[in-house]
Amino acid sequence: MLSSGLRAAISAAPAAWTSRSMTTSGSDFYSGIPVFRGFDRLMDPTLYVPLPDDWTIGLADIVQSTKAIAEQRYKAVNMAGASVIASITNALEGREFPFVFGGDGASFAVGPGDLDRAREALAATAAWVQDDLDLAMRVALVPVAHVRAQGLDVRVARFAPSPNLSYAMFSGGGLGWAEVAMKRGEFTVAQAPAGTHPDLSGLSCRFEEIPSVRGLILSVLVVPTSTADASAFRRVIEDVIALVERSPDAGRPVPAGGPPLKWPPAGFDFEVRALGGGSLLARRVQVLGRTFVAYLLMRFGISAGGFVPQTYIRQLVENSDFRKYDDGLRMILDCTPELERALEQRLVAAASAGTIRYGLHRQDAAMMTCFTPSALRSDHVHFIDGARGGYASAATALKAMPV
């Protein structure tokens with residue numbers, strides 16, 4: 001539960017937006033929220049707009065993801081999390097909706113007009129993850145009105161890392177409560193029958209691991225304690241962001257030239273499984289063919305059919321999703337050991353003061369999972385996680401801290 005201070009903070013949105021959000025439930029609600037630039041503005045409560053009462057939160061996560069990580073199934077876990085976003089996007093025919101990638105899962109929200117399609121896509125995705133990735137995925141749909149009945153809220157903002165697209169940020173405590181409820185077995189969406197395949201068009205993970213150039217890839221999770229003062233928590237997050245933003249010793253884990261690419265690609269088998277339809281052999285041949293063509297275009301910078309490799313790589317770098325907020329700060333950073341120590345010192349002090357709980361995980365590389373419905377558009381999305389456990393391992397470290 002949230003402290004009284006945090007409850008007060010999450011009710012600070014402008015009254016006009018509050019009124020509009022409670023009554024506007026159409027599919028264009030999210031696209032009408034103003035976009036903000038500058039990640040250092042993240043904790044400004046006026047950027048966050050309450051979701052309408054008749055909207056629903058969707059959640060998914062991998063059961064026993066820690067075990068899968070211990071078995072070095074990093075790509076499978078990330079592919080499962082990204083598949084949720086791909087399947088919902090395709091089910092909604094590309095309409096904008098708020099979502100957040102969590103490494104071993106994902107969260108999103110939809111309006112009443114999209115709820116049935118979202119439920120069907122979630123159920124199908126859980127079945128595909130079980131059948132093709134051999135992972136158990138729990139999925140749930142939680143009404144926003146039910147969250148508010150607990151005295152919490154679900155507010156959303158739109159952060160634009162580039163001119164090409166925006167990513168959702170969530171605050172209010174409701175998303176965190178809904179995740180706990182899902183893990184208790186509440187609001188469960190039944191898995192579709194075995195063999196059901198969601199539409200995962202555009203989902204791939206063709207790039208190689210991205211080695212650190214500054215010293216280490218750091219996965220960071222920071223959440224408020226149940227007794228945290230809102231202003232104190234905000235200062236901690238702003239301090240952490242300032243340390244990263246102002247330092248030459250940290251930055252996005254994706255180099256300007258894009259991640260390494262080989263052929264056959266590292267994620268070949270996952271892309272075959274995501275394709276669906278036809279025999280396994282036919283799918284392998286199809287994916288081998290199209291990834292070979294893509295590799296040649298990218299390797300030699302060949303433009304074809306409106307596709308310009310240099311433009312795509314620039315957009316890929318700009319669009320990479322390596323930092324976010326969903327009732328807590330999540331970041332994947334390429335940083336020096338010195339900056340990592342400075343960050344940890346600030347987090348240790350805040351934890352000792354009872355303001356936060358946090359988890360850090362250090363590794364030597366990052367990895368990328370891509371959702372590209374069209375390589376000719378600029379809004380393709382690229383989810384970044386650590387290549388040796390990432391967010392899931394940071395979450396394990398966080399859970400080990402005193403509540």
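The values are calculated or read from the model by the stated rules, or taken from the named source; none is laboratory data. From a predicted model like this one, the values you see are computed outputs, not experimental measurements. So basically every Cβ, Gly included, is an ideal-geometry build from the backbone, and we count neighbours across all protein chains shown.
Pairs are defined by a Cβ separation below 6 Å, a sequence spacing of at least 6 or placement on different chains, a first member in the stretch 339-350 that is of a type outside the set (Ser, Thr, Tyr), and a second member that is surrounded by 14 or more Cβ atoms within 10 Å (Cβ to Cβ) and modelled with pLDDT of 95 or more; the pairs so defined are 340/218; 346/239; 347/358; 350/236; 350/356. All of 360, 347, 333 fail the test of being within 12 Å of residue 216 (Cβ to Cβ) and buried (at least 19 other Cβ atoms within 10 Å of the Cβ), apart from 333.
Residue 168 meets each of the listed conditions (1) closer than 28 Å to residue 379 by Cα; (2) in a helix (DSSP H, G or I); (3) small (Gly, Ala, Ser) apart from (2). In summary, residue 90 fulfils each of the numbered conditions (1) of a type outside the set (D, E, K, R); (2) crowded, with 24+ Cβ neighbours inside 10 Å; (3) touching a Gly at 6+ places or on another chain (Cβ under 9 Å); (4) modelled with pLDDT of 95 or more with the single exception of condition (2). If only residues of the stretch 197-231 that are surrounded by fewer than 17 Cβ atoms within 10 Å (Cβ to Cβ) and over 22 Å from the mean Cα position of the chain (by Cα) are counted, the one that is farthest from residue 296 (Cα to Cα) is 227. Checked against (1) modelled with pLDDT under 95; (2) touching a strand residue (DSSP E or B) at 6+ places or on another chain (Cβ under 9 Å); (3) farther than 30 Å from residue 311 by Cβ, residue 195 passes all but condition (2).
Condition test on residue 162, is it over 19 Å from residue 32 (Cβ atoms), of a type in the set (S, T, N, Q) and at pLDDT below 95?
The answer is yes for residue 162.
Residues of the stretch 208-235 that are touching a helix residue (DSSP H, G or I) at 6+ places or on another chain (Cβ under 8 Å) and part of a strand (DSSP E or B): 216, 218, 219, 220, 221, 222, 223, 224. Scanning the stretch 287-318 for residues that are free of Cβ contacts under 8 Å to residues at least 12 places away in the same chain and under 21 Å from residue 83 (Cα atoms) yields a single hit, 290.
Checking 166, 162, 171 one by one, the residue that is crowded, with 24+ Cβ neighbours inside 10 Å and either of a type outside the set (Asp, Glu) or in contact with a strand residue (DSSP E or B) (Cβ under 9 Å, 6 or more places away or on another chain) (or both) is 171 and no other. Considering only residues in the stretch 33-63 that are in a strand (DSSP E or B) and not hydrophobic (A, V, I, L, M, F, W, C), the one that is farthest from residue 237 (Cα to Cα) turns out to be 56.
For the stretch 57-67, indicate whether the set of residues that are more than 17 Å from the chain's Cα centre (by Cα), surrounded by 20 or more Cβ atoms within 10 Å (Cβ to Cβ) and modelled with pLDDT of 95 or more is non-empty. No, the stretch 57-67 has no match at all. Would the stretch 142-157 turn up any residue that is modelled with pLDDT of 95 or more, assigned to a helix (DSSP H, G or I) and not aliphatic (A, V, I, L, M)? Yes: the stretch 142-157 contains one or more residues that are modelled with pLDDT of 95 or more, assigned to a helix (DSSP H, G or I) and not aliphatic (A, V, I, L, M).
Does residue 393 satisfy the condition of being among the polar types (S, T, N, Q), touching a residue at least 60 places away in the same chain (Cβ under 8 Å) and assigned to a helix (DSSP H, G or I)? Judged against the criteria, residue 393 is a match. Restricting the stretch 363-393 to residues that are over 21 Å from residue 168 (Cα atoms) and touching a Ser or Thr at 6+ places or on another chain (Cβ under 8 Å), the residue that is modelled with the lowest pLDDT is 389. Of all the numbered requirements in (1) assigned to a helix (DSSP H, G or I); (2) in contact with a Lys or Arg (Cβ under 6 Å, 6 or more places away or on another chain); (3) aliphatic (A, V, I, L, M), residue 127 misses one, and that requirement is (2). For the stretch 106-132, the candidate set comprises residues that are under 21 Å from residue 319 (Cβ atoms) and not aliphatic (A, V, I, L, M); within that set, the residue that is surrounded by the most Cβ atoms within 10 Å (Cβ to Cβ) is 107.
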